[in-house]
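Undergrad: Have a look at this one.
Just so it is clear, none of the values below were taken in a lab; they were calculated from the coordinates. If you're wondering where the values come from, they're calculated on a predicted model, not measured in any experiment. So basically every Cβ, Gly included, is an ideal-geometry build from the backbone, and we count neighbours across all protein chains shown.
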Amino acid sequence: MLEVRDLEVGYGAITALHGISLKVETGRIVTLIGANGAGKTTTLRAISGLLRARRGQVLLEGLDVTRCAAHELVARGLAHSPEGRMVFANLSVIENLRMGAYLRRDAEGVKRDLEFVYGVFPRLQERLWQQAGTLSGGEQQMLAIGRALMSRPKCLLLDEPSLGIAPKLVQTIFQKIVEINRQLGLTILLVEQSAHMALEISHYGYVLETGRILLEDRAEVLRTNARVREAYLGGG
Amino acid sequence: QKPGGADGAIVVGEFASLTGKEATFGMSSHEGTQLAVEQINAEGGVLGRPIKLVTEDNQSKAGESATVVSKMISRDGAVAILGEVASSRSLEGAPICQENRVPMISPASTNPKVTRIGNYIFRVCFIDPFQGTVMANFATQKLKLRRVAVLTDVKSDYSKGLAKFFEQSFAESGGEVCARLDFNGGDKDFKAQLTTIKGSNPEAVFLPGYYTDTALICRQAKEVGLEVPFLGGDGWESEELVKIGKEAMEGHYFSTHYTPEAGSPKGAKFVEDYKKRYSGKTPDTMAALGFDSALVLVEAIRQAGTTEGSAVREKLAQIKDFEGATGRTTINGDRDATKSAVVMQIKGGKFQYVDTVKPQSKAP
Amino acid sequence: MRLGGARRWLVLALLVAAAVSAGSGVMNRYYLGVASEVGINVILAVSLNLINGYTGQFSLGHGGFMAVGAYVAAKMTLVFGEQVGAAFQPLLFAGALVAGGGAAALAGLAVGVPSLRLRGDYLAVVTLCFGEIIRVVFQNSAFFGAATGLSGIAPWTTFGWSWGVAALTVYVVLALVHSTYGRGFLAVNDDEIAASAMGLNPLKYKVTAFLVGAFFAGVAGGLFAHMKRAINPEGFNFMRSIDVVVMVILGGMGNTAGVVAAAVLLTVLPELLRGFSDCRMIAYSLLIIVLMLLRPQGLFRRSGKGGGL
Amino acid sequence: MQQLVNGLALGSIYALIALGYTMVYGVLRFINFAHADLLMLGAYAGYFVAPALAPVFGEASYGLLAATVFLAAVACAGVGAGIEYLAYRPLRNRPKLTVLITAIGVSLLMEFGCQHPAVFGAKTRPFPQLLPAEQIHFLGATVSRVDMVIPLVTCGLLMGLWWLVQRTRMGMAMRAVSFNQQAAALMGVNNNRVISFTFALGSALAAVAGVLYSVRASGIDPLMGIRPGLIAFSAAVVGGIGDLAGAVLGGLLLGMLETYVGGLPGVSNYRDAISFGMLVVILLVRPSGLLGRAQVEKV
Amino acid sequence: MSEKLLQLDAVTIRFGGLTAVSEVDLSIGHGELVGLIGPNGAGKTTMFNLITGVYQPTSGQVLFGGRGLLGLRPHHRTRMGMARTFQNIRLFGSMSVLDNVRAAMQLHRRDGWRQALWRGNQARESERGVESKARELLAIFGLEERCQENALGLPYGEQRRLEIVRALATSPRLLLLDEPAAGMNPTEKVELARLIRLVQERFKISVLLVEHDMKVVMSVCERIAVLDYGRKIAEGSPVEIRRNPNVIAAYLGQEVADA
Ligand SMILES: Nc1ncnc2c1ncn2[C@@H]1O[C@H](COP(=O)(O)OP(=O)(O)OP(=O)(O)O)[C@@H](O)[C@H]1O
Ligand SMILES: Nc1ncnc2c1ncn2[C@@H]1O[C@H](COP(=O)(O)OP(=O)(O)OP(=O)(O)O)[C@@H](O)[C@H]1O
Ligand SMILES: [Mg+2]
Ligand SMILES: [Mg+2]
């Protein structure tokens, strides 16, 4: 589904990614873990077209999309719930969700997906007409994820979906991620700090360190890897 | 060392508003001046040398004129400066000319203050007090008007000055100013003022503005149903007035400088030459005054026999009955021009001569 | 620019100013005039940079502040100029400049206080309105010569004065901003809410910026009046404010060296373009566009943080 | 009564111009300085096409006015989109103030370019008569036809634009782009297309205003846009920039104020000071404009 | 000292129809470490805003050091000795890491613009003092090497730490931390918890901590208050809270409670 080859990305003089390669098979959940500043967010932003690659390629369903603009990728079935949420602060919750379905024409399907999102995040349904900017941090995070789902993507990029979310809801979110992956066959590339939980639901994982892929393996292998345990799973 | 251009030409500087909101007038005076210089050069120049006209644009902006005048004097070596229609900008250039002892002749700055800057500063037009008085006398004596409204351009010292002197003499002759309103030069909507004026029931409106505003005002006056004669000053004189104002201008009066119709062959020739030179355009007052300013300067240089500033200044101060496009010009003790004014009326889209007022009738 | 640099700058500029002033008798007046104008524009741009660049309040009122300074200073020297002896003229001039600056600072205070509540374009419009109101008041005030303005002002603005004051302005702005106190200006600009949570009073910083900025604009106005020797209200309309804003942005907001460079460039450029006669301003506006497209981050700034959020 | 009609007509013109400012601002969050000059270009476009159209629609008829306005709007929309492409798009990810400077540059370029003798020249030109000259008498006031037309056009455009922004996909995209271009792109919105469209629309609005303004004022020159542009810009801000109804309200308010003060003997010379003073007062009382909602910022 | 450092009496705030915080009482003693938890949208951040003066309560009052805070604006309150971090990071983006900290140290200095304009020895002395103290604080949080970098160029986790340093630079008596561990990985979170305890001891300050990571909350706090829909539903020691069925139902979920 998604493949990254030898990607190099930088900000001005800084090089944030030094040629990384990764692969996300169709229907899989793949996790990207790494310390602060490792370049996880940068990777996702480069894939979804928000940042320009200096070198390397991004392939979506086998097609080279390295030079595609962000909006073209959405049309090809990619959705990205970005770090920092980026909700439309002055639009209402419902308008934000509808923006997520901007390219879709099937009113029926949109309606069904709205219901689905409400099912995952009942809080959003309570606040349909509130301006998104006045939502609490966690509520905005829910909105960002819900909005990404609304485009009914084939491939979903999630940047720290559990950030700022209450523990109970974190469990729900992870359950739902598994659910949509199973039921809809949605491919997911997940960036998470709660590496433990993320690896639990993923099929495969990559460990990123200062812009390079340090390790990659099946999720259950990574979970037992001593180095990973020490560095990212909080020792225990 | 002889001041002047490399090729022995006499350098004369001219500053004008060629762009910006008063570009219309600046352009006209510039074209007049340019025509004069071309004609003089065609006749072999003066003192056997051609004249090189250096023109600088001040964009109708305050603060530019001082810079350009000093540039023309100290970098281009201008021996004399011609310029500026607007008094406020002449006031900027004048001190620099005075300081450098370079004579300056303003074509059309009518504010009395200009020539008070110093003895090197001259003008070839009459001044506001005179023209204001002319129109006031004409209104009371010829038109027998008693109630007049005054509408002035707040941004223009010319308009304000004229209005002030008009009001003075008009009141002295027993008239009453029934409404005083203002607009901003360059505005396009005057209906508010005109509606109020209409409400005050005047017999006429004194409107000392430039022709572009004037034409629009007169058109809009018709639209609000204000159907009395309008009176104005030399700022009106331009064919554009009728082109823009159309029928709305019919019957209105304005005072101006000498006109060809009043019998000046030089004036008639100027109009003809100007049309030829500028593809059929008819000159306006500014053009004629710009033309005259150059002629007067050249005359003074010729008489002085040198381009040396103080000598030229001497001769300028003595100019008497000089025949130009705007009639006879005499420079008086204040270095202002004394010349007759004429009153014109617009009839059938043409300017028609009505009356001549001699400078002697100047009130004070 | 570090502080040591700023001080060296000040001394250097003062030295140049003094040297040129001493030699001014033999120099071409036009060039001197342009150079003095450069100084005045530097004052205007650098002082506006304190308001717009460092505190991030978009002010379009600099023309108005300049007008206040110009009129007050000019009126003072016109009234008292005759009465004082030649020896006291520089004193009177300095006094007039300070008075002009002070009056402008008062106006700045009046504009600065509303800035507590207003942001961005709303503040821009209020400052613009203030500037226009000031202009209209002068236009109608017989005391200040109405539409004709004031003329016959003494030609006291020499190159030395203009550059001296310019150097002083640069010094004051840099010193203010590059101090622990002055970091507050930047902090308020970056994030007002965070700044107040760090105990910095945003209002105080904003008003101070207006006060200081307006003061120097007023002084620049005084210098301007005594250089042009005739002033009228039209010279201080909102286009004047826009000119200064262009200098600040072209130079790179909050970058004093860049702003100085832009002020110099935008003063000298139109003079250099005089050869183009009637296409001059067309060329000038094209150059502004091209410069901005080529160096969007300002004249001097490295192309830093691109692509970020 | 007459003054009320005058004020309404003038105010509607300002409102019309303010709509253009607000439209562009609403999406791009920057003041399109060149708007005033697009207005002037629109007027000149009208000046040149009207005589050509006159034989088709008849001299001075509503059809002629409509056709002229339409063609001028199309021409200006093209110019506006072109300006956006050349001067603003390269600076897309830069601070808005940077774009403001190119906008000022473009504005100067159009002003000085058009003043050049080879283009339009600096002189005022008479604008052709597009509507019948007879006046309409109405409750004791004399109303020219254009003064009747303008408020109707403004009103119609306000409703049309409101519908566009609130009810269509393009409108939704516009609002999304206005808040966060990156996020909008992540929703599949083609920012460039939305922005070009907005510019074209804004410029067309300027042209409509330009032609109507010229019909009313009957004379045009290259600097004619500056003052109404300034007033309309202030009007848009006072109404709450970005808010369509606010722009119209602000425009009407300023037009009325200007007419009222301009018609008062004795203070008409302080007209601008008084109307600007009122603006200041309004903004102090309502810091985000009459209808503007305070921008929410959750801490 | 019997008097509480911070005391909230029946504080309520409404936004339109929504009651975000409802009749909450809360007090924090000197040197106490208190946690504030609750589901998303429960009103935690809003409580911070009420305490620091970003919002004014609809009813009820906030006392700091025994003094009513009614009408005092945020910068006054900071001066009285409270400092906060933000849930959505709000660093001074155009400034370096060091300058971010230095800017926060201005408030307790009396030398203002005079010193800025005239730099005598005394001024340089004091400037040096500021800088060394700033570096010291940065060192505690492992940011000393980032001093000259632009604050926004730091990765998320370091930005969070910088926010804490900046808040500490105002020399507060009460430090309010809004989700300081968000965006950190488990290892970093452990380290952060240690740091919070360290600065608490070292600077003798009280801390009010909002955090969704239970490991951090439980290991740092002596007492925890729980909000739900703007109401306080529980308060007590970490152990009590962890067992409280209301809290489990509303917030923790079974799994975390078991962990
Ligand atoms: N806008 C920017 N300008 C300059 N440098 C940046 C920018 N954004 C990120 N960086 C740098 O790029 C590197 C990678 O950052 P990135 O945000 O991708 O990390 P991350 O793995 O997502 O970290 P986190 O866990 O904190 O979210 C970091 O060293 C950071 O300093
Ligand atoms: N300015 C505001 N206008 C309207 N509603 C608001 C405003 N601020 C907060 N709210 C609402 O008040 C409630 C409490 O918000 P708050 O930010 O305090 O939640 P929180 O407990 O910090 O949640 P989180 O853990 O998600 O950060 C939320 O439902 C939010 O939508
Ligand atoms: Mg990240
Ligand atoms: Mg919160």
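Undergrad: Just to check I understand the Karplus step: with θ = phi - 60° and J = 6.51 cos²θ - 1.76 cosθ + 1.60, what whole-Hz values come out for region E:142-149, glycine and proline as x?
TA: x, 10, 4, 6, 8, 2, 8, 6
Undergrad: On to the next question. Once the dipole of the protein assembly as shown is set up with Lys and Arg at +1 and Asp and Glu at -1 on Cβ about the Cα centre, which of C:Gly81, D:Leu19, E:Thr52 lies farthest towards its positive end?
TA: So the residue furthest toward the plus end is E:Thr52.
Undergrad: Direction-averaged shadow area of the convex hull around the Cα atoms of chain E, nm²?
TA: Mean projected area of the Cα convex hull: 15.0 nm².
Undergrad: I would also like to ask the following. Determine how many Å³ per residue the convex hull of the Cα atoms of chain B encloses.
TA: It is 117 Å³ per residue.
Undergrad: For region B:255-330, I need the span (max minus min coordinate) of the C-alpha atoms along each principal axis, in Å, sorted largest to smallest.
TA: 38, 25, 19
Undergrad: If you find the alpha carbon centre of region E:204-219 and of region A:53-89, how far apart are they in angstrom?
TA: First find each Cα centre; the distance between them is then 37 Å.
Undergrad: Hey, another quick one. Using Cβ counts within 10 Å as a stand-in for footprinting exposure, how do A:Val24, D:Val211 rank, fewest first?
TA: With the sparsest Cβ surroundings first, the list reads A:Val24, D:Val211.
Undergrad: Just how large is the dipole of the protein assembly as shown about the Cα centre, in debye to the nearest 20, putting +1 at every Lys and Arg Cβ and -1 at every Asp and Glu Cβ?
TA: 1680
Undergrad: Between region B:322-352 and region D:96-159, what is the separation of their alpha carbon centroids in Å?
TA: Cα centres, region B:322-352 to region D:96-159: 37 Å.
Undergrad: Could you quote the convex hull projected area for region A:37-84, Cα atoms only and averaged over all directions, in nm²?
TA: Mean shadow area of the hull around the Cα atoms is 3.6 nm².
Undergrad: Cα-based Rg (one decimal) and Dmax (whole number) for region E:97-171, in Å?
TA: Every Cα atom of region E:97-171 included, Rg and Dmax give 13.0, 39 Å.
Undergrad: Spelling out what I want: for every residue of region D:226-243, take phi, set θ = phi - 60°, compute 6.51 cos²θ - 1.76 cosθ + 1.60 (Karplus), and round to whole Hz; glycine and proline get x.
TA: Per-residue couplings from phi come out as 4, 5, x, x, 4, 5, 5, 4, 4, 4, 4, 5, 5, x, x, 4, x, 9 Hz.
Undergrad: Pull up all non-local amide H partners of E:Leu176: gap of 5 or more, or a different chain, and H-to-H distance under 5 Å with H placed in the peptide plane.
TA: E:Ala83, E:Arg84, E:Thr85, E:Leu208
Undergrad: Can you pull out the trypsin sites (Lys or Arg not before Pro) in region D:81-161 that DSSP calls coil and that have at most 16 other Cβ atoms within 10 Å?
TA: Answer in residue order: D:Arg92.
Undergrad: Dividing the Cα radius of gyration by the Kirkwood radius, what Rg/Rh value follows for region C:46-194?
TA: So for region C:46-194, dividing Rg by the Kirkwood Rh gives 1.03.
Undergrad: 222 nm [θ] for chain A, helices only, -39500 (n - 2.57) per DSSP H run of 4+, per residue, to 500?
TA: When only DSSP H runs of four or more count, the value is -11000 deg cm²/dmol.
Undergrad: Å³ per residue of the Cα convex hull, for region C:189-309?
TA: 153
Undergrad: Further question on the same structure: Using only the alpha carbons, work out the radius of gyration and Dmax of region D:42-84 in angstrom.
TA: Over region D:42-84's Cα set, Rg and Dmax evaluate to 11.0, 36 Å.
Undergrad: On average, how much area does the Cα convex hull of region A:85-210 cover when viewed from any direction, in nm²?
TA: 8.1
Undergrad: Oh, and also: Between the DSSP loop rule and a limit of at most 16 other Cβ atoms within 10 Å, which GluC sites (Glu not before Pro) in region A:44-90 are left?
TA: A:Glu61
Undergrad: What's the center-to-center distance, using Cα atoms, between region B:85-111 and region D:16-51 in Å?
TA: Cα centres, region B:85-111 to region D:16-51: 39 Å.
Undergrad: Moving to a separate point now. Only helical DSSP H runs with n ≥ 4 go in: add -39500 (n - 2.57) per run for chain B, normalise by residue count and round the 222 nm mean residue ellipticity to 500 deg cm²/dmol.
TA: -12500 deg cm²/dmol
Undergrad: Which semi-axes, in whole Å and largest first, does the equivalent ellipsoid of chain C have when worked out from the alpha carbon gyration tensor as the square roots of 5 times its eigenvalues?
TA: 29, 23, 20
Undergrad: Could I ask something else about it? Helix-derived [θ] at 222 nm for chain D: sum -39500 (n - 2.57) over DSSP H runs of at least 4, divide by residue count, nearest 500?
TA: So the helix-based figure for chain D works out to -23500 deg cm²/dmol.
Undergrad: Next question, about the same structure. Please determine, in degrees from 0 to 90 and to the nearest 10, the orientation of helix C:202-228 with respect to the longest principal axis defined by the Cα atoms of chain C, where the helix direction is its Cα long axis.
TA: Rounded to the nearest ten degrees, it is 30.
Undergrad: So what's region D:11-225 giving for Rg/Rh, alpha carbon basis, Kirkwood Rh from the mean inverse pair distance?
TA: Looking at region D:11-225, the ratio lands at 1.01.
Undergrad: On to the next question. Quick one: of the DSSP bridges fully inside the protein assembly as shown, what percent are antiparallel, nearest 5?
TA: Expressed as a percentage, antiparallel bridges in the protein assembly as shown total about 50.
Undergrad: Can you quote the Å³ per residue value for the convex hull of the Cα atoms in region B:137-217, rounded to an integer?
TA: 78
Undergrad: Say we join alpha carbon atoms closer than 10 Å with springs in a Gaussian network model of chain B; which of B:Phe165, B:Phe122, B:Phe206 then has the biggest fluctuation?
TA: B:Phe165
Undergrad: Also, quick follow-up: Sorted from largest down, give the three principal axis spans of the alpha carbons of region A:2-232, whole angstrom values.
TA: Cα extents, longest axis first: 45, 37, 33 Å.
Undergrad: While we're on this one: Which aspartates and glutamates have a Cα lying under 18 Å from the Cα of B:Lys144, excluding residues fewer than 8 positions away in the same chain?
TA: List returned: B:Glu167, B:Glu172, B:Glu176, B:Glu203, B:Glu227, B:Asp355.
Undergrad: With springs only between Cα atoms under 10 Å, which of A:Leu189, A:Leu73, A:Leu214 fluctuates most in a Gaussian network model of chain A?
TA: Sorting by GNM fluctuation, first place goes to A:Leu214.
Undergrad: Based on the inverse mean of 1/r over its pairs of different Cα atoms, what is the Kirkwood hydrodynamic radius of region D:125-178, in Å?
TA: Result for region D:125-178 stands at 14.1 Å.
Undergrad: In the protein assembly as shown, if every C-alpha pair distance is counted and binned at 10 Å from zero, what percent goes to each bin?
TA: All Cα pairs considered, the percentages come to 1, 8, 15, 18, 18, 14, 10, 8, 5, 2, 1, 0.
Undergrad: Of B:Val85, B:Val134, B:Val177, which has the largest mean-square fluctuation in a 10 Å C-alpha GNM of chain B?
TA: B:Val177
Undergrad: Follow-up. Calculate log10 I(q)/I(0) of region E:18-162 for q = 0.20, 0.21, 0.22 Å⁻¹, where I(q) comes from the Debye formula with a single equal point scatterer on each Cα and nothing for solvent.
TA: Treating every Cα as an identical point scatterer, log10 I(q)/I(0) equals -1.30, -1.34, -1.37.
Undergrad: Using a simple charge model, +1 on the beta-carbon of Lys and Arg, -1 on the beta-carbon of Asp and Glu, nothing else, what dipole does region A:1-96 show about its Cα centre, in debye to the nearest 20?
TA: 200
Undergrad: Work the Kirkwood hydrodynamic radius out for region E:125-258: mean of 1/r over every pair of different alpha-carbon atoms, inverted, in Å.
TA: 16.3
Undergrad: Mind checking region B:113-206 for trypsin sites (Lys or Arg not before Pro) that DSSP puts in a loop (not H, G, I, E or B) and that have at most 12 other Cβ atoms within 10 Å?
TA: Here the trypsin sites (Lys or Arg not before Pro) that fit, given the DSSP loop and packing criteria, are B:Lys144.
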